[in-house]
Amino acid sequence: MQLRLKKFNVTDFIAVRHLTSRHNKGFVSFITFIAIIGVTLGVASLDITLSILGGFEKTIKENVVSFTAHMQLFAFENDLLPNQERTIQKVIARYPEVLEMAPYLSREGMIRSKSDIDGILIKGVDPNNDISAAKHRLVEGVYDLEERESGVQQVILGKRLAEKLNVQLHDRVLMYALGGTSLSLSQTRIMQFEICGVYETGMADYDGSVIYINLRNAQRLFQVGKTVSGFDILVSNIDSVTALAQQIPEYLGYPYYARTMFQQYRNLFAWVDLQRIPVMIILALIIIVATVNIIGTLLMLILGKSREIGTLIAIGMVRKDIVRVFLKQGMLIGIVGTILGNLIALLLCWLELRYRFFPLPSGIYFMTHVPIDLSVINFLSVTVAALGMSFIASWIPSRLSAKMDPIKLIRFAS
């Protein structure tokens, strides 16, 4: 046991000593420094890219869920649905996977402030059963959509729309809607609302067009009685949403129809998946190129230390120990480069999360800044992959060093 420990310490000492500068001008020689930098940049690039891609996917899912939930249940041809309480009770009793089911009434209308007028989508929600962006994405004001017995009612609108209308909290706006299913201008209804809150999802189309009011106010505004347009549904397991979208309409019967967020926004999710695969391949190639540099580094070290290798073999060092020396050198390069790469990636990602250096046009990317998702799994996967390739890259020259003839090595070096 003691002999093995000594051998282990000797191989460690030689491995580190070979990597140090011959003239002690730095911690590592120039060629070793370049190899470490290559691994560092490859690991950092892959970490940052996976964090950004994960952030895009996570942010898009959160924004879509905040607007449409995991699934929407409505009627064919946008007909109105009666008996909302009974429908909710039936679905929740039959499907325990359904966590929340919120009724809503959605119709097009117009909103007018003192300085501007714009077309909008009016969404009436039940404040006691609401899972929309109005409740979870407020950036100003308070969530207060309770129906008033008399006087001005409350409204929550998007930040982009508020900027366009040049309105602030507690300002009053007029809302126009056509009554019932008629398009007659004679049935146009007008209600006055006070702005109690402003939300922001980062999705420009929604923040600039969708406003939220109390469900009863929306039903009065559109003169549709107690009917609703549909239901927003959240489920416990997102993987089951596709199956539930088929089962629930079959259980309720005509005219119910369901659509998942993946179906409604298939282009967004297809875009995220399309970006992930080629980017991962390209950056994986960067790490492969960086780890291949380890082979060149070790081969140059072997040539530079050929006399020392021949001397060690001549005085009785086992060839397996020679293999261990250069294997540990290569792994040391890989470990140092991987640690530095992870630290650089963590630092840059944290700086972006903290200071938001890179804004994005929300009209194109559905978010206002570069999203970051610091996933432990991504960092561990990159670390394992980098160290695995470092081991493979170190093994080849290590085996070559052990097969050299010590006499030829000493003669050649001298």
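The values are calculated or read from the model by the stated rules, or taken from the named source; none is laboratory data. All values reported here derive from a predicted model rather than from experimental measurement. With ideal geometry, Cβ positions are generated from the backbone for all residues, glycine too; neighbour counts draw on all protein chains shown.
Restrict the check to the stretch 83-100 and report whether at least one residue is surrounded by 14 or more Cβ atoms within 10 Å (Cβ to Cβ), free of Cβ contacts under 8 Å to residues at least 60 places away in the same chain and not in a strand (DSSP E or B). Scanning the stretch 83-100 turns up at least one residue that is surrounded by 14 or more Cβ atoms within 10 Å (Cβ to Cβ), free of Cβ contacts under 8 Å to residues at least 60 places away in the same chain and not in a strand (DSSP E or B). Restricting the stretch 197-231 to residues that are among the polar types (S, T, N, Q) and out of contact with any helix residue (DSSP H, G or I) (no Cβ under 6 Å at 6 or more places or on another chain), the residue that is surrounded by the most Cβ atoms within 10 Å (Cβ to Cβ) is N214.
The C-beta contact set for the stretch 242-266 (first residue crowded, with 18+ Cβ neighbours inside 10 Å, second residue basic (K, R) and part of a helix (DSSP H, G or I), distance under 9 angstrom, 6+ apart or interchain) comprises I248/R94; M261/K61.
Within the stretch 128-142, the set of residues being within 26 Å of L80 (Cβ to Cβ) and crowded, with 18+ Cβ neighbours inside 10 Å comprises D130, I131, S132, A133, A134, K135.
Flag: G363 does not match the condition of being at pLDDT below 85 and in contact with a Ser or Thr (Cβ under 6 Å, 6 or more places away or on another chain). Quick one: how many residues across the stretch 328-352 are touching a residue at least 12 places away in the same chain (Cβ under 8 Å), more than 15 Å from F379 (Cβ to Cβ) and under 20 Å from the mean Cα position of the chain (by Cα)? Residues meeting the conditions: 1.
Take the conditions (1) more than 21 Å from P255 (Cβ to Cβ); (2) surrounded by 21 or more Cβ atoms within 10 Å (Cβ to Cβ); (3) in contact with an Asp or Glu (Cβ under 6 Å, 6 or more places away or on another chain); I60 misses just one of them, which is (3).
At least 1 residues that are acidic (D, E), at pLDDT 85 or above and under 24 Å from A102 (Cβ atoms) in each: list the helices (runs of 4 or more DSSP H) lying fully within the stretch 131-217 that qualify.
Details: elements: 133-136, 159-165, 204-207.
Ranges flagged: 204-207.
If you scan the stretch 63-81, which residues turn out to be within 17 Å of N129 (Cα to Cα), out of contact with any Asp or Glu (no Cβ under 6 Å at 6 or more places or on another chain) and not in a strand (DSSP E or B)? V65, S66, F67, T68, H70 - these are the residues of the stretch 63-81 that are within 17 Å of N129 (Cα to Cα), out of contact with any Asp or Glu (no Cβ under 6 Å at 6 or more places or on another chain) and not in a strand (DSSP E or B).
One residue stands out in the stretch 350-397 among those that are assigned to a helix (DSSP H, G or I) and of a type in the set (V, I, T): the one that is surrounded by the most Cβ atoms within 10 Å (Cβ to Cβ), namely V382.
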